[in-house]
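Let me begin by presenting the structure, written as structure tokens, before commenting on it.
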Amino acid sequence: MNNVELARTLSWRENALFEERKKNIKNERAMKILVILALTLFACTRGSAQADSTYHQERMDLVQYLDVRDFEVSQNCLGDYEFQAGDRSVRQYKWRDSDGKFVGYIETSNELRTPYSYYYNYDTKGRLRYLSVSFDGFSIGNSYRYDSLGRITEIIDHSKPYKFKLNDLIEKMSGEYGCDLLNKKRLVWVHRSEGERDLKKPWYSVFYLEHVRSHHGDKYLIDGTTGETLYVLKHEEWNECGSGDMRDFQAMAKGLPTTIEGKYLYELNKKKQAQKKKGAKKKRKNTRH
């Protein structure tokens, strides 16, 4: 074997070893992610992220690391690494501040079949500094901030304003309306708000498709304290682009509300005004007699 052939053979072997190393890293990383997610479920929800429990989680100090060396090998030219771990899609990327300075790593993990997602923030050495769990975009349970030794420095309880918890909502929608909020294919959204700008009390809104391929569904407004169904809109159109249907555009042109909470308040006000007019009319009638 001449020098050229030897060089080619060595190069091929190096590439093969490199690809094998990447494959092993990916498998190892997938296993690590599954372990980390299990820890997150326990840390953020005292055993169940899906419960958004009324109970405060026990203190959960956690030493967790991002494998920086493996990330450096696996990242693409944009500084991202995306892969699947079990039934979750995972993305890891470098985090930079407004001045472009590298300040750490971000990891997001989304369940493929349900609306749950997980967020991790690591410092430049790969040490976990923040973690949280979300359901369809809003934070649930507790979020945690950590120091460099893995000790909790701050706990944020996202479920505190809601006496009617997410798990209560999931059970209610399934039992009363046959809506499986864990079915990502039919759930358009679940929103929740403390209601400071509208209802003056916490609330949830749900938009759930009639079936998987349907472009219509039902909207529900639920009291976030009592769990009472406040308002229902049937057979509402769903636009995949995110914009409203023609009825919404027509309502906007007339200065009418388009959100379910806005429509609920509008109808509530109409009823109050009608009752007020009826009472005034009755009073005038009694005065004449």
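We did not get these values from a lab; they are worked out from the coordinates using the rules stated. Predicted, not measured: the structure shown is a model, and the values here were computed from it. Cβ coordinates were reconstructed from backbone atoms using ideal geometry, including for glycine residues, and neighbour counts include every protein chain displayed.
Within the set of other residues whose C-beta is less than 10 Å from the C-beta of SER148, count the net charge using Lys and Arg as +1 and Asp and Glu as -1. Walk me through the numbers before you get to the answer.
Details: positive: LYS125, ARG127, ARG129, ARG151; negative: ASP123, ASP147.
Cβ neighbours under 10 Å give a net charge of +2.
All other residues whose Cβ lies under 12 angstrom from that of LYS125 are scored, Lys and Arg at +1 and Asp and Glu at -1, for a net of +1.
Listed cross-link partners LYS125/LYS165; LYS234/LYS254; LYS219/LYS278; LYS234/LYS271; LYS160/LYS263 are compared with a 29 Å cut-off, the Cα-Cα value being larger for LYS125/LYS165; LYS219/LYS278. Taking other residues whose beta carbon is less than 11 angstrom from the beta carbon of ARG91, and scoring Lys, Arg as +1 and Asp, Glu as -1, yields -2. Given +1 at the Cβ of Lys and Arg, -1 at the Cβ of Asp and Glu and no other charges, the dipole of the stretch 166-278 around its Cα centre is 640 debye to the nearest 20. Projecting the Cα positions of TYR120, PHE138, LEU149 onto the charge dipole of the stretch 99-158 (unit charges on Cβ atoms of Lys, Arg, Asp and Glu, taken about the Cα centre) puts LEU149 furthest along the positive direction.
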